[in-house]
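Q: Let me give you the structure first, and then I'll get to my questions.
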Amino acid sequence: MHLFILQFSLSLSLSLSLSLSLSLHDPRRKKKKKGNKMDYESNSWIWEGVNNYPGVLGGLMVTAALVGLSTSYFGGIGVPYLSLLCSWSNLGIFHKKKSGKRRIRVYMDGCFDLMHYGHANALRQAKALGDELVVGLVSDEEILANKGPPVLTMEERLALVSGLKWVDEVITDAPYAITEQFLNRLFHEYKIDYVIHGDDPCLLPDGTDAYAAAKKAGRYKQIKRTEGVSSTDIVGRIMSSLRGPKVCEDHNATDAKPKEESLSKSSQLTQFLPTSRRIVQFSNGKGPGPNARVIYIDGAFDLFHAGHVEILKRARELGDFLLVGIHSDETVSEHRGSHYPVMHLHERSLSVLACRYVDEVIIGAPWEITKDMITTFNMSIVVHGTVSERSLNGRRDPYEVPKSIGIFRLLESPKDIVTTTVAQRIMANHEAYVKRNAKKAKSEQRYYDEKKYVFGD
């Protein structure tokens, strides 16, 4: 009798286990992609089956009890099918898979005109407050109405913002002021959790806070502003260094003293104090693999612009690891002119490091690429774009060595913009930018004066 019960229970157990096994491999079950692997969805289907067919679970429990009783009676006879039942608990098919934590989406907007390492650091900090960073790019029309004419076009600014390693999504034509209507759109359409901005004031033409609605909704977070640089500061540097001797009149209808009007470039560049921690924050922190194809490209990368982003993207597509050489300030001045670079070495290095296509930089790379450099950094290909600044000192080809060993390649530049192009745009709209800078300085000073009056020293 006991033998019959044992055989019956084993048969029932086997049939049920085979049914479950077949259902696990049923091609009709939904699959989901994760990277390059296929992974089955959660095991909630089992619980649904249990709810719909409670007899199945009951049958399994009765079978297990009968098998246990029978094996106990026969003094622990090994039952091969019992191990399958026991192993189910280890596979975890009777445990609901915990749903993953919802990803936090944060939003930060801006003009991002004359992109610099301060912008990049702000977006880095914003990304650290969530899991996904959505950037709102203010339209050309909104910039013109609220600040003055933008230096870069929407297309150029989009290339710069999209090229940053911390940015996940970009909303073009974002409004300068975050109204309640746009705020609701961010919350419902884009699933934004928090709006982020720096601790510097962002005022509308009427003097009101552009982020008042977000603060009122309790969905606002603040980051620390990166000291030592701003778009206004860069415009001032360019106008001071490139201004001709004939331009000596202040546009506030007063004559400016030449000494006060044309600040020395060295005094403007000392505001930024680089630290090793900041470089680590911007760096990927990974070296090339043992068999990696290392691509090398060098340049000044002054006033980091869309042309730089596009050529770096194209260079990265040629290999596994992109190494970028940043020329020293002295080298840039020697080959581009005494008024360059506008941004100094460490500022330019951070701007390049912030680009998602760059893996590592050589800070202060030499003008000429030597055999030792190629060997030390295991360079597979050395590239250079077809569009670049003209060198004033072209006595020797800096790519002579890589050309001689057959690893040099000339890349077609996707854009014809160079640093001089950006500088010339600013100089062509000199008066507009002087008024723009003065307007911003005045509004910011009024903001800080009111803040000081309210809170005291």
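The values are calculated or read from the model by the stated rules, or taken from the named source; none is laboratory data. What you see is a predicted model, and the numbers here were worked out from it, not measured in a lab. A quick note on method: Cβ atoms are made from the backbone with ideal geometry, for glycine too, and the neighbour counts reach across all protein chains shown.
Q: Counting only residues that are in a loop (DSSP other than H, G, I, E, B) and free of Cβ contacts under 8 Å to residues at least 60 places away in the same chain, which one in the stretch 368-387 is surrounded by the fewest Cβ atoms within 10 Å (Cβ to Cβ)?
A: Of everything passing the filter in the stretch 368-387, T386 is surrounded by the fewest Cβ atoms within 10 Å (Cβ to Cβ).
Q: Which one is farthest from M154 (Cα to Cα) among residues in the stretch 173-230 that are at pLDDT below 90 and of a type in the set (V, I, T)?
A: Only one residue fits best here, namely T208.
Q: Of the residues S349, S388, which single one is at pLDDT 95 or above and not aromatic (F, W, Y)?
A: From the options S349, S388, the qualifying one is S349.
Q: Something else about it: In the stretch 179-226, which residues are on the phi > 0 side of the Ramachandran plot and loosely packed, with under 13 Cβ neighbours inside 10 Å?
A: Across the stretch 179-226, the qualifying residues are G207, G218.
Q: Kindly list the number of the only condition in (1) in contact with a Gly (Cβ under 9 Å, 6 or more places away or on another chain); (2) surrounded by 14 or more Cβ atoms within 10 Å (Cβ to Cβ); (3) not in a strand (DSSP E or B) that fails for P398.
A: So the condition that P398 fails would be (1).
Q: Across the stretch 161-177, what is the total count of residues that are under 24 Å from P414 (Cβ atoms) and either not assigned by TED's automatic domain parsing to the domain that holds A210 or not in a loop (DSSP other than H, G, I, E, B) (or both)?
A: 8
Q: Looking only at the stretch 358-367, which residues are assigned to a loop (DSSP other than H, G, I, E, B) and either assigned by TED's automatic domain parsing to the domain that holds L164 or among the β-branched types (V, I, T) (or both)?
A: Scanning the stretch 358-367 gives a single hit, V358.
Q: It is to be established whether one or more residues within the stretch 209-220 are in a helix (DSSP H, G or I), more than 30 Å from L273 (Cβ to Cβ) and touching a helix residue (DSSP H, G or I) at 6+ places or on another chain (Cβ under 8 Å).
A: Yes, the conditions are met somewhere in the stretch 209-220.
Q: Keeping to the stretch 313-357, report how many residues are basic (K, R) and not in a helix (DSSP H, G or I).
A: 1
Q: Let me ask something else about it. Which pairs do you get when a residue that is more than 30 Å from T375 (Cβ to Cβ), found in the stretch 407-420, comes within reach of a residue that is at pLDDT below 95 and among the aromatic types (F, W, Y), reach meaning Cβ atoms under 8 angstrom, with the pair 6+ apart or on two chains?
A: Final answer for the pair search is T419/Y340.
Q: A further question on this structure: Among the residues of the stretch 167-178, which ones are surrounded by fewer than 17 Cβ atoms within 10 Å (Cβ to Cβ) and under 18 Å from G118 (Cα atoms)?
A: Correct list: empty.
Q: Can you name every one of the helices (runs of 4 or more DSSP H) wholly within the stretch 238-309 that holds 2 or more residues which are surrounded by 11 or more Cβ atoms within 10 Å (Cβ to Cβ) and modelled with pLDDT of 90 or more?
A: Numbers: elements: 258-261, 265-269, 276-282.
The qualifying helices (runs of 4 or more DSSP H) are 276-282.
Q: Name the residue, out of L318, L322, that is within 22 Å of W166 (Cα to Cα) and at pLDDT 95 or above.
A: On inspection, the qualifying residue turns out to be L322.
Q: Could you count how many residues in the stretch 401-457 are modelled with pLDDT of 90 or more, crowded, with 16+ Cβ neighbours inside 10 Å and aliphatic (A, V, I, L, M)?
A: Number satisfying all stated conditions: 7.
Q: In the stretch 118-141, which residues are closer than 21 Å to V106 by Cβ and of a type in the set (D, E, K, R)?
A: Passing the criteria: R124, K127, D131, E132.
Let's see how each residue does on (1) outside the structural domain of C355 (by TED's automatic domain parsing); (2) within 29 Å of R278 (Cα to Cα); (3) aliphatic (A, V, I, L, M):
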{"position": "D113", "(1), (2), (3)": "yes, yes, no"}
{"position": "L129", "(1), (2), (3)": "yes, yes, yes"}
{"position": "G136", "(1), (2), (3)": "yes, yes, no"}
{"position": "L144", "(1), (2), (3)": "yes, no, yes"}
{"position": "V151", "(1), (2), (3)": "yes, yes, yes"}
{"position": "A159", "(1), (2), (3)": "yes, yes, yes"}
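Q: So, one more: How many residues are under 25 Å from A120 (Cα atoms), assigned to a helix (DSSP H, G or I) and not aliphatic (A, V, I, L, M) if we restrict to the stretch 179-202?
A: Looking only at that region, the number is 2.
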